[in-house]
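I have placed the structure first, in the form of structure tokens, so that the comments after it can refer back to it.
The values are calculated or read from the model by the stated rules, or taken from the named source; none is laboratory data. On a predicted model such as this, the values are computed, not experimentally measured, just so you know. For neighbour counting, all protein chains shown are included, and Cβ atoms are generated from backbone atoms with ideal geometry for every residue, glycine included. Surface accessibility is based on the protein's heavy atoms, side chains included, excluding ligands, DNA and RNA. Shrake-Rupley method; radii C 1.70, N 1.55, O 1.52, S 1.80 Å.
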Amino acid sequence: MATTYAPTHTVEFTEDAARPRRGLRAALIALPALVILVAGFQRRWMSDDALIYVRTVRQILAGNGPVFNPGERAEASTGTLWQWLLAAAGPTGVDLAQAAVYGGLLLTAAGFALAAFGCLRLYGSSATLPLGAPLLLALPPVWDFATSGLETGLATCWLAGGWLLLVTRPASVWTSVVFGLGPLVRPDLGLVSAVFLGAQWLLVRPGRRRTLAGLGAALALPAAYEIFRAGYYGHLVPLPAVTKEASQSLWGRGFTYLGDFAGPYLLWVPLLFVLAAVLPARASVRVPWVPVLAPVLAGVLCWVYVIKVGGDFMHGRMLLPGLFLMLLPVFLAPASRATALASVGVAVWAAVCASVLRIEYEGRVGPGGIADERGVYVAQNADPHPLHHTFAGADWHARYGRAARTAEPPALLFPGPVQLAAGAPTVTGVYPVLGHNGTAVPLDGAALDPIGLAYPLAAHSQRVEGGRVGHDKHLPDAWVIADRGAGELPDGVDPLQVEAARRALRCGGLAELREATQAPLTTRRFLANLTGSFQRTGFRFPNDPAQAERELCGRR
């Protein structure tokens, strides 16, 4: 049985009177979407991490499967659904970078429109005022990540669309299906899926049979993909979650990341205005409490998780979904004296924030390794809208790219000054800027990163204490040469370390990891990957080859 909400009061009006009201509602929906379209377009750009998606999609379209490098099953894409949406666009001949940038922008705008529409449906005939919308629209990180080519736009659209369904169609089985997509949009958004599904149950209160049916509908797609992931890749999570140790606790760094986002924009000021409007409205505005509190709870949980794991290296990025969720119920707020005063306060702050407030390290990497990511790539490419990165302003990146594009196999390349070593069967490039590496190295070559975003061996190495958040693994060159190289060694590499690494690779968990990711995918291999995925995902080995050999091979 569908759930309906009883209106708190009724207003009689004629057809003629309804027309301007419809026009106002349409404007309230369209205006936030239009503003973010303009702001995002003016700051359009392509993140290096988004180029990771592009290479994987190119491999899919080339018939090599959802891998970053042929011959090694590694899931480098964090946003599964975004990867497959880009793959679906590929056969049209569209430029994948442009599809990622402009597709993300359109999805962001759609998310803002859905958020406004959800508020209008929630509050019925009550007049509304913009409260949360101008807060979001004034923040430079929101402008930056309206594009970037990453899955942020898809996440924004899914969050707003899911909330709208919670407000309008909580009893539908298709609502359950949409709620279940969170882990496929981004693994950490599984928290939102859980909260929204719980809220749906509270609104509908179905019997046991319908509860199980709804849960089955929600879990069908993510569970099926999880089985595929475990059997195909041999891991329970995408490889970036392994290399970034997504289960770790780094609260101190996480609070630093929160301060880096909230401090420069004086974010506490508009949030106080929002609270000042919301608290008096509890008694005067009668709306169902579940769809109001659910996104707030989900947003708080998202922030707690981001802070727990130590934040991120991109300024503000990982906190945006949580903030968007917490502001969904007041994106447009019911009109009252308190709301009107708060809206004016938020509008004044928004004008100051949009025009004046900025981080101190614009265009650079700031304290703690947190970066103005868009500004860095604008500077390094000498281009206000970098889509296909040329690195015209960063010669060391450009030099590596030229070497990777012109190298003839067998070649093993290391970063600047670029060194070539013989022995790799194809062109193998080792470079920490993985998107750039994947663009430069041919599709039939191997683009490896010592951080481990697309290289299983590096992902399972131990963290380097004190390293940059999200980049605190660095596989020594000796391991790469032992794994991929032969013949003459590059300068500065200890041959004893290489030999120890080669022996370690034949022992224990390392030997099993190589089998799981590189052996032909037979039915037996798929089942072995599936059953061993839990233990394999948690496996780590020492960075020092001699120590790894002792631990894995039992040598003294």
Residue pairs qualifying under the 6 Å Cβ cut-off, at least six apart or on distinct chains, with the first in the stretch 395-410 being on the phi > 0 side of the Ramachandran plot and the second being polar (S, T, N, Q), are none
Any residue at all in the stretch 479-496 that's under 23 Å from the mean Cα position of the chain (by Cα), in a loop (DSSP other than H, G, I, E, B) and among the charged types (D, E, K, R)?
no
Considering (1) assigned to a helix (DSSP H, G or I); (2) within 16 Å of Pro270 (Cα to Cα); (3) in contact (Cβ under 8 Å) with a residue 60 or more places away in the chain, say which one Arg374 fails and leave the rest.
(2)
Quick one: which of Val309, Val285, Val300, Val290 is under 29 Å from Asp49 (Cα atoms), at pLDDT below 95 and not acidic (Asp, Glu)?
Val309
All positions within the stretch 354-371 that are open to solvent by 60 Å² or more (accessible area, probe 1.4 Å) and part of a loop (DSSP other than H, G, I, E, B)
Val356, Arg358, Glu360, Glu362, Arg364
The stretch 237-269: number of residues that are within 22 Å of Ala516 (Cα to Cα) and surrounded by 18 or more Cβ atoms within 10 Å (Cβ to Cβ):
9
Restricting to the stretch 531-545, give me the number of residues that are in contact with a Phe, Trp or Tyr (Cβ under 9 Å, 6 or more places away or on another chain) and under 17 Å from Ala74 (Cβ atoms).
1
Filter the stretch 505-556 down to the residues that are β-branched (Val, Ile, Thr) and either in contact with a helix residue (DSSP H, G or I) (Cβ under 6 Å, 6 or more places away or on another chain) or surrounded by fewer than 19 Cβ atoms within 10 Å (Cβ to Cβ) (or both) and list them by number.
Thr517, Thr522, Thr523, Thr531
Quick check: is even one residue across the stretch 172-186 under 14 Å from Phe324 (Cβ atoms), at pLDDT 95 or above, of a type in the set (D, E, K, R) and not in a helix (DSSP H, G or I)?
yes
When the residues of the stretch 59-105 are filtered to those that are over 17 Å from the mean Cα position of the chain (by Cα) and of a type in the set (Asp, Glu), which remaining residue is farthest from Arg484 (Cα to Cα)?
Asp95
Which residue, of Ala398, Ala351, Ala342, Ala338, is in contact with a strand residue (DSSP E or B) (Cβ under 9 Å, 6 or more places away or on another chain) and assigned to a helix (DSSP H, G or I)?
Ala342
